[in-house]
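The values are calculated or read from the model by the stated rules, or taken from the named source; none is laboratory data. All values reported here derive from a predicted model rather than from experimental measurement. Cβ coordinates were reconstructed from backbone atoms using ideal geometry, including for glycine residues, and neighbour counts include every protein chain displayed. Accessible surface areas use protein heavy atoms only, side chains included; no ligands, DNA or RNA. Shrake-Rupley method; radii C 1.70, N 1.55, O 1.52, S 1.80 Å.
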Amino acid sequence: MKVGITKVRVVRQEENGSKREIHRGIVVENKGSFVRVYNPAPQKDGGDASQSSAELFPIKSKYCWVEPMGELNAEESLALDACLR
């Protein structure tokens, strides 16, 4: 997954076996088996306060995982916060 470019959704499997999306955004940090997913939407619409406070999610685990949803083009690529570089 490319930092600042890959769009993803985070999916969670519930105890009853159903799956639901719990977050959506852009990968701003890749820590190997975890990625930080930042949603640039306003907080009132489910967005994150900042890139550095965005949550880390496992790329693949039994009950929660990240699914790639495409990539931003060069003009849309996200500028990263200095603390994440």
Margin query: Can you tell me how many residues within segment 58-74 are of a type in the set (A, V, I, L, M, F, W, C) and closer than 12 Å to Ile26 by Cα?
Written below: 3
Checklist line | Pair list, Cβ under 9 Å, 6 or more apart: segment 1-18 residue closer than 25 Å to Lys31 by Cα, other residue among the charged types (D, E, K, R) and not in a strand (DSSP E or B) | finding: Ile5/Glu76; Val10/Glu55; Gln13/Lys62
Next item on the list: Test Pro40 against the criterion of being under 14 Å from the mean Cα position of the chain (by Cα), of a type outside the set (A, V, I, L, M) and open to solvent by 40 Å² or more (accessible area, probe 1.4 Å), and give yes or no.
Entry: yes
Notebook entry, point to check: Just for segment 35-82: of the residues that are touching a Phe, Trp or Tyr at 6+ places or on another chain (Cβ under 8 Å), of a type in the set (A, V, I, L, M, F, W, C) and in a loop (DSSP other than H, G, I, E, B), which one is modelled with the lowest pLDDT?
Noted result: Leu78
Item checked: Search result, residues across segment 2-37 that are open to solvent by 80 Å² or more (accessible area, probe 1.4 Å) and over 8 Å from the mean Cα position of the chain (by Cα) -> Lys2, Arg12, Glu15, Asn16, Lys19, Arg20, Lys31, Phe34
Checklist line | Members of segment 53-80 that are more than 28 Å from Gln13 (Cβ to Cβ) and open to solvent by 50 Å² or more (accessible area, probe 1.4 Å) | finding: Asn73, Ala74, Glu75, Glu76, Ser77, Ala79
Next item on the list: From (1) within 19 Å of Arg9 (Cβ to Cβ); (2) without any contact (Cβ under 8 Å) to a residue 40 or more places away in the chain; (3) part of a loop (DSSP other than H, G, I, E, B), pick out the condition that doesn't hold for Gly32.
Entry: (1)
